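Report on the following structure.
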Amino acid sequence: MMQGMKNLWHSISNKVFCGSVNSRINDLVDHLPYEQLDYDVTKFVVFNQIPGDYLEFGVYEGRGLVRMYKRMLYHWKSYARHAGIYGHEWDPSYWDKMRFIAFDSFEGLPEAHESVDPKHFSKQGIYQMPLCRFQETLRKEKLDLSKVLTVPGWFKESLTDETKKKWNIEKACAIFIDCDLYESGVPVFRFITDLIQDGTVLIIDDFFRYGGHPQRGLQRAYGQWLEQNPQISTSELTRQGANRLAFVCHKD
Ligand SMILES: C[S@@+](CC[C@H](N)C(=O)[O-])C[C@H]1O[C@@H](n2cnc3c(N)ncnc32)[C@H](O)[C@@H]1O
């Protein structure tokens, strides 16, 4: 439905507008489904009062994390009003307790071994963004930095039980996996298993890369993780076109 509207808009705007106006409008239309997904996920999390931290694996320069932070805060303010008026149960310290945890090498992608990686993914170091640029984005966007925890390092080294203990990472309200490669996804899925609760939202980017093949990329890592953890099941909450999917997790 959203994709159909997008295509229709592309064809109308191509006829009516030209040059930079047209390309700006098309950028906006491309971007709206991402905004919609962020909106839906954060509303679900806050209105269901799912406790825990927001975790993002692969933050690059921080734009995704900033959007989720702002949306989460927006819904929190609206839910706090709503819950007060309608007498819903709510935890007044919900927002204060939520942290935004950023995991990234800040050195870009590692070397990929999967033979069918599209060319731009197989290049080691692509998406390289120094930690200071990520921090600069957060500062510019005026996030409360005391709510953001950054864990730099390669996932296969940084995603350990020690990291969980050190930073008291016990449960997640939402998890965004945006690290492109199967090899990067495997340690991430292993790390998040015991952070999942009923209602945790799992967002996976590039789900339909590699021609949508279930044995490739993050979709492969996700499938294997579900097989290895039969106590966890998921149902789709929302999606951004053919690229980014959000699932609600259930735990027996
Ligand atoms: C597409 S970018 C993330 C974009 C970001 N989520 C956003 O919405 O703006 C992918 C990121 O994943 C990181 N990454 C990929 N594989 C990694 C690994 N194995 N260990 C650490 N970081 C990794 C890269 O450094 C890069 O910053």
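None of the figures in this text is laboratory data; all of them are computed from the coordinates on show. Note that the coordinates shown come from a computational prediction; the quantities given were computed from them, not determined experimentally. Glycine also receives a Cβ, built like all others from the backbone with ideal geometry; neighbour counts cover every protein chain displayed.
Any of 43/166; 142/164; 140/164; 140/171; 77/142; 97/166 with alpha carbons more than 21 Å apart? Name them for me.
Pairs exceeding 21 Å: 43/166; 142/164; 140/164; 140/171.
If the elastic network links every pair of Cα atoms under 10 Å, which of 58, 223, 108 fluctuates the most in the Gaussian network model of the chain?
Between 58, 223, 108, it is 223 that shows the largest mean-square fluctuation.
Counting only other residues whose beta carbon sits under 10 Å from that of residue 73, what net charge do I get with K and R as +1, D and E as -1? Mind dumping the intermediate values first?
Values: positive: 70, 71, 77, 147; negative: 144.
Charge balance in the 10 Å sphere: +3.
What's the magnitude of the charge dipole for region 2-251 around its Cα centre, counting Lys and Arg as +1 and Asp and Glu as -1 at the beta-carbon? Answer in Debye, nearest 20.
Roughly 660 debye for region 2-251.
Please give the contour-minus-distance gain from residue 63 to residue 135: 0.36 nm per residue of separation, less the Cα-Cα distance, rounded to one decimal in nm.
Working it through step by step, the gained length comes to 24.8 nm.
log₁₀ I(q)/I(0) of region 2-251 at q = 0.08, 0.13 Å⁻¹, via Debye over equal Cα point scatterers, no solvent, to two decimals?
-0.33, -0.88
Can you list residues from other chains, or at least 5 along the same chain, whose modelled amide H is less than 5 Å from the amide H of residue 148?
Those lying under 5 Å, H to H, from residue 148 are 100.
Of 84, 241, 153, which has the largest mean-square fluctuation in a 10 Å C-alpha GNM of the chain?
Most flexible of the set in this elastic network: 84.
Restricting to the chain, compute how many DSSP beta bridges are antiparallel as a %, nearest 5.
40 percent
Let's test the formula: R0 of 30 Å, r as the Cβ-Cβ distance of residue 233 and residue 36. What FRET efficiency results, to the nearest 0.05?
0.75
Below 8 Å between Cα atoms, with a sequence gap of 6+, how large is the relative contact order for the chain in percent?
20 percent
Build a GNM of the chain with springs between Cα atoms under 10 Å: which of 133, 220, 99 gets the top mean-square fluctuation?
Among 133, 220, 99, the largest mean-square fluctuation in the Gaussian network model of the chain belongs to 133.
At 0.36 nm per residue, minus the direct Cα-Cα distance, what do residue 242 and residue 107 gain on full extension? Give it in nm, one decimal, please.
45.8 nm
Report the one residue of 26, 62, 193 whose Cα lies farthest in the direction of the positive end of the charge dipole of region 2-251 (charges on C-beta: Lys and Arg +1, Asp and Glu -1; origin at the Cα centre).
It is 26, whose Cα lies furthest towards the positive end.
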